[in-house]
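**Student:** Below you'll find the structure I mean.
The values are calculated or read from the model by the stated rules, or taken from the named source; none is laboratory data. The structure presented is a predicted model; accordingly, all values stated were derived computationally and were not measured. Quick reminder, even Gly has a Cβ in these numbers, built from the backbone with ideal geometry, and neighbours come from all protein chains shown. What goes into the accessible areas is simple: the full protein's heavy atoms, side chains included, and nothing from ligands, DNA or RNA. Shrake-Rupley method; radii C 1.70, N 1.55, O 1.52, S 1.80 Å.
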Amino acid sequence: MQITIELPDNIANQLQSVNISRRVLELIAADHYRQGRIGAAEVRQILNFSSRWETYEFLKQEKAYLPYTEDDLEQDVQAIRNVLSRE
């Protein structure tokens, strides 16, 4: 799929040193990851990263963290307690 974006000339001139297509793709991937629409594996595939560590570094730089609530933490703590109590 190809998408065309029209920018005012003064803005386009400022962005000449940036690979705009790549940057837009990165922003879309990070945004979809933040919203939980795609996972890290899909981000890696979209951006053609060579490793999951490269993907995680990118997501960290973009501050693209999945929401993790106190309820999520409590569920994880309870799951750990359940596993430990079985030992």
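**Student:** Name the residues in segment 1-57 that are of a type in the set (G, A, S), assigned to a helix (DSSP H, G or I) and within 24 Å of Y68 (Cα to Cα), would you? Steps first, answer last, please.
**Tutor:** Step one: filter segment 1-57 for residues of a type in the set (G, A, S), giving 12, 17, 21, 29-30, 36, 39-41, 50-51.
Right, trim to assigned to a helix (DSSP H, G or I) and you get 12, 21, 29-30, 40-41.
Matches in segment 1-57: A29, A30, A40, A41.
**Student:** Right, here's the next one. Just for segment 71-83: of the residues that are under 25 Å from I38 (Cβ atoms) and among the acidic types (D, E), which one is least open to solvent (accessible area, probe 1.4 Å)?
**Tutor:** D72
**Student:** Turning to a different aspect of this structure: Let me spell it out: the conditions are (1) open to solvent by 90 Å² or more (accessible area, probe 1.4 Å); (2) modelled with pLDDT of 90 or more; (3) not small (G, A, S), and I3 meets all of them except one. Which number is the exception?
**Tutor:** (2)
**Student:** So Q14 passes all but one of these: (1) surrounded by 10 or more Cβ atoms within 10 Å (Cβ to Cβ); (2) under 14 Å from the mean Cα position of the chain (by Cα). Which condition number does it fail?
**Tutor:** If we test Q14 against (1) surrounded by 10 or more Cβ atoms within 10 Å (Cβ to Cβ); (2) under 14 Å from the mean Cα position of the chain (by Cα), just (2) comes out false.
**Student:** Mind checking which pairs have a first residue in segment 11-23 that is under 20 Å from V43 (Cβ atoms) and a second that is of a type in the set (D, E, K, R) and part of a loop (DSSP other than H, G, I, E, B), Cβ under 9 Å, 6 or more apart or different chains?
**Tutor:** none
**Student:** Additional query: Among the numbered conditions (1) without any contact (Cβ under 8 Å) to a residue 12 or more places away in the chain; (2) open to solvent by less than 100 Å² (accessible area, probe 1.4 Å); (3) in a loop (DSSP other than H, G, I, E, B), tell me where Y68 comes up short.
**Tutor:** (2)
**Student:** Give the residues of segment 51-65 that are more than 14 Å from G36 (Cα to Cα) and open to solvent by less than 50 Å² (accessible area, probe 1.4 Å), sorted by residue number.
**Tutor:** Those that are more than 14 Å from G36 (Cα to Cα) and open to solvent by less than 50 Å² (accessible area, probe 1.4 Å): S51, T55, F58, E62.
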